[in-house]
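Structure first, then comments.
Since every read-out is calculated from the coordinates, none of them should be taken as a lab result. Computed from a predicted structure; not experimentally measured.
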Amino acid sequence: MKKNIFFTATVVFALILSSCKKDYTCTCKSSDPSITSIDSQPLGKQTKKKAKEACSLYQSQVQMVDETATCSID
């Protein structure tokens, strides 16, 4: 009985951890009409919270070149 509970708990835990990570991309767009390019940066497989943090950091780098840029994760 204890083995079944341990096995079930292990499987559930593994499913929870594996479903939280996805491949994200940080896409940045400019609101300046003279700048037409759209920049994107692959963030790899990670949690949504970590992807938002990485995208925010990337946005601060992009804003050094284009102050009107806003970035979001896809």
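Using θ = phi - 60° and the Karplus form 6.51 cos²θ - 1.76 cosθ + 1.60, what ³J(HN,Hα) does each residue of the range 43-48 get, whole Hz, x for Gly and Pro?
Running phi through 6.51 cos²θ - 1.76 cosθ + 1.60 with θ = phi - 60° gives 9, x, 8, 6, 6, 5 Hz.
Would you mind checking which residues have amide H under 5 Å from Thr25's amide H? H placed 1.01 Å from N; only 5 or more apart, or other chain.
Leu43, Asp74
By a straight-distance test (C-alpha under 13 Å), which aspartates and glutamates pair with Lys29 as possible cross-link partners, with residues fewer than eight away in the same chain excluded?
By straight Cα distance, Lys29 reaches Asp39, Asp66, Glu67, Asp74.
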